[in-house]
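What follows is a short report on a single structure.
Every number here is computed from the coordinates shown, using simple stated rules; none is lab data. Here the structure is a predicted model, which means the values were calculated and not measured. Note that each Cβ is placed from the backbone with ideal geometry, even for glycine, and that neighbours are counted across all protein chains shown.
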Amino acid sequence: MSNPIASQTRLSVSRSNRLWIVLVLGSLASFGPLSLDMYLPALPVLANDLHTTTSLAQMSLTACMLGLSIGQLIAGSVSDVRGRRMPLLIGLVVYAISSVLCMFSPTIWVFLGLRFVQGMAGAAGIVISRAIVRDMYEGVELTKFFALLMLVNGAAPILAPIVGGQILQFTSWRGVFLVLSLIGVVMLFATVLGLKETHPPERRSKGGLTNTLRTFGGLLTDRMFMGYALTQGLVFAGMFAYISGSPFVLQDIFGVSPQIFSLCFAINGMGVIIAGQITGKLAGKVSNHRLLAGGLAIAAFGGLLLFISTLIGAGLYAILAAFFFIVSSVGPVSVATSSLALQNQGKTAGSAAALLGLLSFIIGGLVAPLVGIGGSQTAVPLGIIIAVMEIGAILSFILLTRKKA
């Protein structure tokens, strides 16, 4: 059934500030890749500076991912009850402050704690931006708008490591977190000045712990929703494994510089944007289910290629080709699963978006440190983990998202 409030909002946006909304929401949804990717070229340097191991340095990714997971759960459910703007503004303030504090971390343990807080705060931008899109759109338009956001959101993984690599030419890894703090401040002002409330009081859920638990209970027992959420989570986990392991594989094993690593990372990010836009163009002509199946096929091919390449020592170019397919698959998978999972979750879009993001970051946070268990001179654990994630995503899609006869 069509949502009249969504129809009015869609009409208003299309006539006035649609571009501004795309830029703001796309940027808010980018807090995950910005927080994770910008300091990737500095991971080896960070490990040396804080006198810690490769695995503990990678654990800073896990700490941020866990913060992103828990933060989405809190911000998403609160936004269903209190509206979208206030939880978002609070998250942006905390993000800016925690990013500055990360600069002054004296030890890896302090840094890990602050990364967790930074992740929790940044999560508000990710989950609430998704909920706002669902407030405004539905059906094919929802899929197309998610694809449109990919133009902005997909640019973050491209630009973040490039900016991070350039920052390292002038300062240490600590300067990266000053830039992240400034981004938080800019987004705070952009939200205050240009983002209206899209979840009016008459459409909000009732507050209270019991109602929140009931909402999440309903989502957890929804087979189709969980199928799409788990499928997305496993594909994203493969990407997070790539994010965690690729700096060491490319720089330590193959000897590329931080700047060349950033370029390779950017090329892979272009794959996300291109694949996401193709998905948006095909929306309405090809079913979301088939679009998702296509994205999963790309993911599985990349995962198996990486696994075989690491086992036989196929060399740098084979590894780079596998990385490209693995990362590019995130475009169609993200667009299709987000649309399919949120399609029937109008009133509880915040909670649904939170659970969708929760699985991605929890699974990703658990597998990220595992890629370093063999040390920084082998890529075999990375190949195994990514292949398992991509195959698991296909199994989840096949077993959980089929409609009952």
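Brief remarks on what is shown
- Taking each residue as 0.36 nm, the span from Met224 to Val380 lengthens on full extension beyond its C-alpha to C-alpha distance by 52.8 nm.
- In a fully extended conformation the segment linking Val286 and Leu213 would gain 22.7 nm over its present Cα-Cα distance, using 0.36 nm per residue.
- In this calculation the C-beta distance from Lys347 to Glu197 is compared with R0 = 25 Å, giving a FRET efficiency of 0.95.
- Extended-chain gain in nm, criterion 0.36 nm per residue less alpha-carbon gap, Trp109 and Arg18: 28.5 nm
- Reported label for calculated Cα Rg over 2.2 N^0.38 Å given [x] 1.17; [y] 1.01; [z] 0.92: [z]
- For the pair Val186 and Leu101, a Förster radius of 25 Å applied to the C-beta separation gives a FRET efficiency near 0.85, rounded to the nearest 0.05.
- FRET efficiency, 1/(1 + (r/R0)^6) with R0 30 Å, evaluated for Leu311 and Leu400 via beta carbons: 0.50
- Mean Kyte hydropathy of 0.0 or more with a Cα span along the axis of at least 20 Å, helices from DSSP in the chain: 54-82, 85-103, 108-136, 139-153, 174-194, 223-248, 258-282, 288-312, 349-367, 380-400
- Value at 222 nm in deg cm²/dmol, rounded to 500, when DSSP H runs of n ≥ 4 in the chain each add -39,500 (n - 2.57): -26500 deg cm²/dmol
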